[in-house]
1. Any chance you could count how many residues in segment A:16-50 are over 25 Å from the mean Cα position of the chain (by Cα) and touching a residue at least 60 places away in the same chain (Cβ under 8 Å)?
2. Considering only segment A:1-118, give the strands (runs of 3 or more DSSP E) lying wholly within it that have at least 2 residues that are within 14 Å of chain B (Cβ to nearest Cβ).
3. Could you check segment B:393-422 and list, in sequence order, the residues that are of a type in the set (Asp, Glu) and within 20 Å of B:Gly309 (Cβ to Cβ)?
4. Considering only segment B:633-653, I want to know if a residue exists there that is more than 14 Å from every other protein chain (Cβ to nearest Cβ) and assigned to a loop (DSSP other than H, G, I, E, B).
5. Of everything in segment B:614-637, what is of a type in the set (Ser, Thr, Tyr) and either surrounded by 24 or more Cβ atoms within 10 Å (Cβ to Cβ) or modelled with pLDDT under 95 (or both)? Give them in sequence order.
6. When segment B:315-339 is examined, which residues are found to be touching a Lys or Arg at 6+ places or on another chain (Cβ under 8 Å), surrounded by 24 or more Cβ atoms within 10 Å (Cβ to Cβ) and not charged (D, E, K, R)?
7. Look at A:Thr150 and say whether it is surrounded by 19 or more Cβ atoms within 10 Å (Cβ to Cβ), at pLDDT 95 or above and outside the structural domain of A:Leu219 (by TED's automatic domain parsing).
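The values are calculated or read from the model by the stated rules, or taken from the named source; none is laboratory data. Everything quoted here is computed from the prediction, not taken from an experiment. Please note: Cβ atoms are built from the backbone with ideal geometry, for glycine as well, and neighbour counts cover all protein chains shown. We work out accessible area using only protein heavy atoms, side chains counted, and drop any ligands, DNA or RNA first. Shrake-Rupley method; radii C 1.70, N 1.55, O 1.52, S 1.80 Å.
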Amino acid sequence: MIPTNFEYFAPATIEEALQLLDQHGEDAKLLSGGQSLIPVLKLRLAAPTAIIDIGRIAALKQISVSGDTIRIGANATHADIARHAELKQHCPLLGETAAQIGDQQVRNRGTIGGSLTHADPAADWPAAILALDAEIVARSSQGERVIKATDFFVDVMTSAVQPNEIVTEIRVAKPAQPQAAVYLKVPQAASGFALVGVAAQLTLNNGKCEAASIGVTGLGPKAFRATTLEAALRGQALDDSTVSAAAAKADAETADALEDIHASGDYRRHLARVYAKRAVQAAAARA
Amino acid sequence: MSFLAKYIGQKVKRTEDPRLIQGIGHYVDDIKLADTLHVVILRSPYAHARINAINTDAAKRVPGVVAVYTGADVAGKVGNVPCAMAHPELKVPAFGVLAQTKVFFVGHPVAAVVAQNKYQARDAADLIDVDYEPLDVVSDGEKAAQPDSPVIHEEFGTNIALVHNAGVGDIDAAFAQADKIVTQRLVHQRLAPISIEPRGVLAQYFPGEHQLNLWSSTQIPHLMRTQVSLMLGMPENRVRVVTPEVGGGFGCKLNVYAEEALLGWIAMQLHKPVKWIEGRRENFQATIHGRGQTGTVQVAVKNDGTLLGLKYDVIADIGAYHQLLTPAIPTLTGLMLSGCYKIPAISMKCTEVFTNKMSTDAYRGAGRPEATYLVERLMDCVARELNMDPVELRRKNFPQPDEFPFTTACGVIYDSGDYEKALSKALTIADYQKLRDEQKAARAAGRVMGIGVSTYVEICAMGPSAAMPAGGWESATIRVEPTGKVTVLTGVSPHGQGEETAFAQIVGDMLGIDMNDVLVVHGDTAVVQYGIGTFGSRGLAVGGAALVCATEKVVKKAKKLAAHLLGADEASLTFEDGKFVGAPDDKSLTIQEVALAAHTAASLPEDFEPGLTATHFFEPKNFTFPSGTHICVVEIDRETGELEIKRYIAVDDCGNQINPLIVAGQVHGGIAQGLAQALFEEVVYDENGQLLTGELMDYAVPKAHQLPRYELDHTVTPTPVNPLGAKGVGEAGTIGSTPAVANAVIDALAPFGVKHVDLPLRPEKLWRMMHN
């Protein structure tokens, strides 16, 4: 890697990191697992003059389950999350998503906070975070704010995190039926990112769908909740024809489907519909 | 020749691996010389443009920058990048090591920045101001051949570099007799070889001694020495090329690039070592690509399946310039158009055209995968047309074992072969009939399942010198040192093929010594006698053959001395298990004892040269023709086009195997690359000549989890061409696998009326085939 010149900082605390961020403003970039930033530096697509390595802040690595709330530190790696026993029990969708990111080396380095902040439209986490209706905690020297997942993803590579903020934690309310969830994706053959990925978390009651929460990634400029599809499932028995008809609306929230050498927009839309159907069926089958 | 088979034929673990696995091997970038300066190459962002001006002032002012060179600096001082193919009609554009007045492809070297470190060099390169005037881009090979196309190299007035015709037999008569003519257009997409270690060069010059040392990640250290010395006007014996560990080549390092001579020249200007290590993006842009043929195949056939003739009219999109073997690669396709079948008449017309892209050249298989793919694809097309089972059609046209040596209508002589044997074995492993039954049931249930067969033959052990651009022989020296340790100097340049192990196995058995006492030295032109290098599956079959002959010479010499020392008649002695026995009174001498006596030289026979060393240059009489059968079973998701390889069976015949573990490794890697051509890989340039697959994020090199489990087996049909009976196996997996996968997928799609799909077989393509 031959990046442009930068000064490297490795703060030990969040406070120290925030102070550095204030000091360097938009010339600074945060480094956590480096799986997004390093390639960008390598290609000189970004030329920050200060790199603030928050990867050594131990307080950001904690994963805990207490009461009804799951808290995941922003520095938790995908691998940490994939093998976390308590998460497996209370919210298996998290580990299932983590295990499908990139490859083992990427999972060992990459962090949930870094991936979310980067807001790649084909990343895996956004689908699950949306389906779980999670909250993302961001801190600045001015204080802390909580951003709802549905407000977090703004556009291609743009999240709601401000340049003076650091994502510290992801909060998830324990799902009522943790097993009624799934993340399915079609990986792009080269990068492993999602051509399309669908996360579904259901609440079922007497064979009927009380609530469905579906996050879709890879299809549009940002990941989104498939609210039209969710509405079409609410209160319904999940028989094949209901699910198929509802899943046909999986792409309703996206006006512009992504298109590149790997897949056309039409194909991505088609995959979103098929995988939404499969995700709902698989989640229901697991419940 | 007889072997003590203590090592030969055994699955000996590679002795190279411990240092590689521990990360303590030395690649070019691991060689550190004091005061080394670092070079960054500025490359063209345009596919075709005129350079109106270059301003390097700002770059030269960057702290740490020592020099900035452009085309004007090297003009007339460094020779052009060489092309080894000599053909009277071949158009050869002058390929300077830095662009002169125009750039012809994205990645074309424009300037070289030298600085104390690579960061300074890169910063300075970003500050070079080049005034480019964009010109019309020719990015499509077929369009490039049209008379109304913009012309890339104006001096030729055409983009056609060469029209190559091949094949013998009365093709018109063959087609006139045909019951059916089956025609198919096929695209062999461009591929990037992608060695894990990109290219790299370190150059060091000693002005007092007028000596230039080059460390380069190459497959051909000696040929590189010759070419670089010519490019620089240096006496060849004052240039030393050292090839340390090489992290993969796959043909892309069977070349002499602009950077070797350029770095050598810079070192000679600055009198300091200079290093350049290629980045991955550069590797995609400026290291050769493979394949890149688009053509139409026609097969003339009788209703009973008898093949009569094959015609191939093809455009080879060779890129902007010739690298070392660029124009020769499509001619290899022309040698193998008979596949493993009796086809009385064959004709190829290959039009090689310039485009504004990186050059194509040798990539694992190099011209033969194209031949095998088109022949095997067409066999399936013909079978479909005749409503025959594709296996039966193949079988019907095989030459029989007693017909070897078998001369094809491509003018080559297949050394030996038993195609039926490998086919039967593969069919048995696959349980072919049962698979066809399963397929019927799957189709009835609405599932999309396919079975693909490929029976391939390839041309290896390159090769007889008359058929090679720079000699096809190989050299070996064996030295039995005074302590009995054995040093082998081989002219081949292994870079993953495991010859340090395989050659030690051969010598261990031939001399009856511990193979760990054998050191195999390669890749240093100051140490090793001239050699040709490693490519074309020749390391063992040609280089190993040279070693066998050298070792026989050493044994013969040792025997003479042993007889003298034992007071025995030479004819009564035999060499068994490392000892000369058969002397009076049961006296014997080990090879180590003889070696010591040969060096102390206290008592030698008359006219006996001291020392125990021998060199042999082995000239192969023919190529070898490894063959085999690959069978692939796929299932395609009807809703999405996603594909799963359910089974993959490969029965390869590379003749005698010295180390079956290494053979299996070569087959594994080969299948991975061939399968990736079928499913994933494609170098994509847009109409402006911009490279859209310039990173591993977009170019799909196969990962372990994307590959199936392989069911491997083999048959053994030794070659009479060399004393080892080994045919070579480096490229077999790549050549055999692509058509097996393609045939399986197209077989799966048959119920949808699909007769052909061009590679790579991405899910969207398959989905569209099923739903349009």
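1. Taking segment A:16-50 first, the residues over 25 Å from the mean Cα position of the chain (by Cα) are A:16, A:19-20, A:22-25, A:27, A:44, A:47, A:49-50.
Pick out the ones that are also touching a residue at least 60 places away in the same chain (Cβ under 8 Å) and you get A:19, A:22, A:25.
The qualifying residues number 3.
2. Strands (runs of 3 or more DSSP E) meeting the threshold: A:7-9.
3. B:Glu403
4. No, the conditions are met nowhere in segment B:633-653.
5. B:Thr624, B:Ser627, B:Thr629
6. B:Gly319, B:Ala320, B:Thr333, B:Met336
7. So A:Thr150 does not fit the description; no.
Here is a yes/no grid of residues against (1) aromatic (Phe, Trp, Tyr); (2) open to solvent by 20 Å² or more (accessible area, probe 1.4 Å):
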| site | (1), (2) |
| --- | --- |
| B:Gln690 | no, yes |
| B:Ala704 | no, yes |
| B:Tyr710 | yes, yes |
| B:Lys727 | no, no |
| B:Glu731 | no, no |
| B:Ile735 | no, no |
| B:Val741 | no, no |
| B:His756 | no, yes |
